[in-house]
Amino acid sequence: MRNRELKLQFLAELMLATQDASTPEAFQQATQAYFDALFPWLDPHEYPTVGKANFPVFANCDIDEVTDFATVQLSPESEAFFHAWLRRETFQRNGGGPSSQN
């Protein structure tokens, strides 16, 4: 599977984890819970600012007003969590246990 398709799966899982959040605070809590579940899969070398409480999910997000085509770039922190998600998914696909969706 291509990197782009994997990132779409990662973002889709994040969106599912936050879809029921009805307030900004609930959204923040759901996002934090999602990333907390991936924390054990982080490589400390990829995420040097582990103590950072808040970070943007996207470094850049553009939506074409005519086509509604969206282009996003993950923040460095989200990129690290994407790699953690890849490690978790690979482990689970190889018989390591069930997928955890928050």
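Descriptive notes on the structure:
- Helix axis angle, 3-18 relative to the chain longest principal axis, alpha carbon, degrees: 80
- Tilt relative to the chain, helix 24-38 - C-alpha long axis, 0 to 90 degrees, to 10: 30
- Remark: the Phe39-Glu65 segment gains 5.8 nm on full extension, using 0.36 nm per residue and subtracting the alpha carbon distance.
- Kirkwood hydrodynamic radius over Cα pairs of the chain, then Stokes diffusion coefficient at 25 °C and 0.890 mPa s, in µm²/s: 168
Computed from the coordinates by the stated procedures, all read-outs in this text should not be read as laboratory data. Model, not experiment: these values are computed from the prediction.
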